[in-house]
Amino acid sequence: MLESIKLRRSIRKFTSQGIEDEQIHEIIEAGMWAPSGLNNQPWRIAIIKDSPTRKSIAPLTRYSPIIEGAPLLIAIFLDAGASYDRIKDIQAIGACIQNMLLTIHDLGLGGVWLGEILKNKEKVATILNAPDNFELMAIIASGHPAEKGGRAYRKSMEEIVFLKDHP
Ligand SMILES: Cc1cc2nc3c(=O)[nH]c(=O)nc-3n(C[C@H](O)[C@H](O)[C@H](O)COP(=O)(O)O)c2cc1C
């Protein structure tokens, strides 16, 4: 598990080869099994393979080449109707997204979490015919990797652990 977590990198370039439905199913299933407060499972998912749809979403972010070049997009929404606590619901959706990214990595595929597009979240929701009470949280772009991930960097444990009450 720790190896998967550490070896996963954001992949932003993909080959044109599509992802099989069975693998998409596995990715979504991993997301669905994330923990959520009161087990309310507030995530809602749109699966986009269609190239015209990707082309209409692409101009809504400065990462348009990633959107256009990814054979699979997974848009993750928060359903306000299922929400009970905004912070906790968004945390749960983060867990859902990370489960999917790790599964993408384990399947030998590549993916990246796209957040910059949230500046146009309403427009994306309209394009995807999302119900009114669905709020876009992120898009995962995925496909077969056409690049190695960038160099991994993380802060040291000393920088992030602010309290350790034993030697
Ligand atoms: C909330 C969030 C938003 C992100 N938004 C973008 C984005 O819009 N475009 C992008 O290329 N990467 C985006 N990323 C990916 C980060 O840049 C990446 O995870 C980080 O640099 C660490 O690299 P790694 O994923 O390879 O470990 C986002 C990641 C998170 C968690």
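Every read-out reported here was derived from the displayed coordinates using simple, explicitly stated rules and does not represent laboratory data. Worth saying up front: this structure is predicted, and the values here are computed from it rather than measured. Note: ideal-geometry Cβ built from the backbone for every residue, glycine included; neighbour counts use all protein chains shown.
Mind checking which of T53, A152, I90 is farthest towards the positive end of the chain's charge dipole, using Cβ charges of +1 (Lys, Arg) and -1 (Asp, Glu) about the Cα centre?
Positive-end residue among those listed: A152.
If we sort 44-52, 153-161, 111-119 on the protection proxy, mean other Cβ atoms within 10 Å, highest first, what's the order?
For the peptides 44-52, 153-161, 111-119, the packing ranking is 111-119, 44-52, 153-161.
Connecting C-alpha atoms closer than 10 Å in a GNM of the chain, tell me which of T126, T61, T53 has the biggest fluctuation.
T126
Among the GluC sites (Glu not before Pro) in region 1-59, which ones are in a DSSP loop with at most 14 other Cβ atoms within 10 Å of the Cβ? Mind listing them? If you can, show how the numbers build up before the last one.
Details: sites: E3, E20, E22, E26, E29; in loops: E20.
Here the GluC sites (Glu not before Pro) that fit, given the DSSP loop and packing criteria, are E20.
Can you compute the charge dipole magnitude of the chain about its Cα centre, using +1 on each Lys and Arg Cβ and -1 on each Asp and Glu Cβ, nothing else charged? Give it in debye, rounded to the nearest 20. Provide the component values of the computation, followed by the final result.
On the way: 20 positive and 20 negative charges, 148 e Å.
Dipole magnitude for the chain comes out near 720 debye.
Could you tell me which of F77, I27, P65 has its Cα farthest along the dipole of region 1-152 towards the positive end, charges placed at Cβ (Lys, Arg +1; Asp, Glu -1), taken about the Cα centre?
Final value for the positive-end residue is P65.
Pop a pseudo-label 7 angstrom from the Cα along the beta-carbon direction at both N39 and A146 and give the gap in nm to one decimal.
4.3
Which percent of Cα-Cα pairs in region 1-144 sits in each 10 Å bin, short to long?
Percent of Cα pairs in each bin: 12, 44, 36, 8, 0.
From the phi of every residue in region 101-110, what ³J(HN,Hα) in whole Hz does the Karplus formula 6.51 cos²θ - 1.76 cosθ + 1.60 yield, where θ is phi - 60° and glycine or proline is x?
Couplings: 5, 5, 5, 4, 5, 5, 7, x, 9, x Hz.
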